[in-house]
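Visitor: Before I ask anything, here is the structure I am working with.
The values are calculated or read from the model by the stated rules, or taken from the named source; none is laboratory data. Note that this is a predicted model, so its numbers are computed, not measured. As a convention, Cβ positions derive from the backbone with ideal geometry for all residues, glycine included, and neighbour counts pool all protein chains shown.
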Amino acid sequence: MANNLSDYLDSIKICLKCDSAVKASVTRELRTHLEDKSQELRETGLSEDEANNIATESFGSPQLIAQQIYEVHSQGTWQEAFFAALPHLLVALLTSLLLRWGSILKLVQGRR
């Protein structure tokens, strides 16, 4: 394929804020879609350069594509969310237990 597809994909990769494995996977998938679109356009009689230009224009700006990909891939897992919330849950539990323990101690001391 022509250089402008590679340049377009490089622009997206530069804007992506994710790890290299995700970048590689996303780039492969985008390349496949761009090449498919370009092939469809060439079958209508367009030159390779024209087809590549229209294919990249139809995808939109590299910055917007990168932002949308980041939004999809930046979602954490339930496990990550649980471990992020765990310290807060433990503090709440300990506070609750200490308050309950204090009430029990007052009750026991009041009976003496």
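Visitor: Determine whether segment 95-111 contains at least one residue that is in contact with a helix residue (DSSP H, G or I) (Cβ under 7 Å, 6 or more places away or on another chain) and among the hydrophobic types (A, V, I, L, M, F, W, C).
Guide: The initial filter retains those residues of segment 95-111 that are in contact with a helix residue (DSSP H, G or I) (Cβ under 7 Å, 6 or more places away or on another chain), namely none.
No - not one qualifying residue is present in segment 95-111.
A quick yes/no check of all residues on (1) surrounded by 13 or more Cβ atoms within 10 Å (Cβ to Cβ); (2) among the acidic types (Asp, Glu); (3) in the same structural domain as residue 4 (by TED's automatic domain parsing):
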position: 16; (1), (2), (3): yes, no, yes
position: 28; (1), (2), (3): no, no, yes
position: 70; (1), (2), (3): yes, no, yes
position: 87; (1), (2), (3): no, no, no
position: 102; (1), (2), (3): no, no, no
position: 108; (1), (2), (3): no, no, no
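Visitor: Taking segment 1-54 as the search range and keeping residues that are more than 24 Å from residue 67 (Cβ to Cβ) and polar (S, T, N, Q), which one is nearest to the chain's Cα centre (by Cα)?
Guide: Among residues in segment 1-54 that are more than 24 Å from residue 67 (Cβ to Cβ) and polar (S, T, N, Q), the one nearest to the chain's Cα centre (by Cα) is 3.
Visitor: Next up: Could you please let me know if residue 48 is in the same structural domain as residue 4 (by TED's automatic domain parsing) and surrounded by 11 or more Cβ atoms within 10 Å (Cβ to Cβ)? Working first, answer last.
Guide: Working: in the same structural domain as residue 4 (by TED's automatic domain parsing): yes; surrounded by 11 or more Cβ atoms within 10 Å (Cβ to Cβ): yes.
Here the answer is yes, as residue 48 does meet what is asked.
Visitor: Right, another one. State which residue pairs qualify: first residue in contact (Cβ under 8 Å) with a residue 12 or more places away in the chain and of a type in the set (Ser, Thr, Tyr) and inside segment 3-22, second residue surrounded by 14 or more Cβ atoms within 10 Å (Cβ to Cβ) and in a helix (DSSP H, G or I) in any location, beta carbons under 8 Å apart, and separation of 6 or more residues or different chains.
Guide: Partner pairs satisfying both residue conditions: 8/34; 8/56; 8/59; 8/62; 11/62.
Visitor: Looking only at segment 56-96, which residues are over 18 Å from the mean Cα position of the chain (by Cα) and of a type in the set (Val, Ile, Thr)?
Guide: Residues satisfying the conditions are 56, 91, 95.
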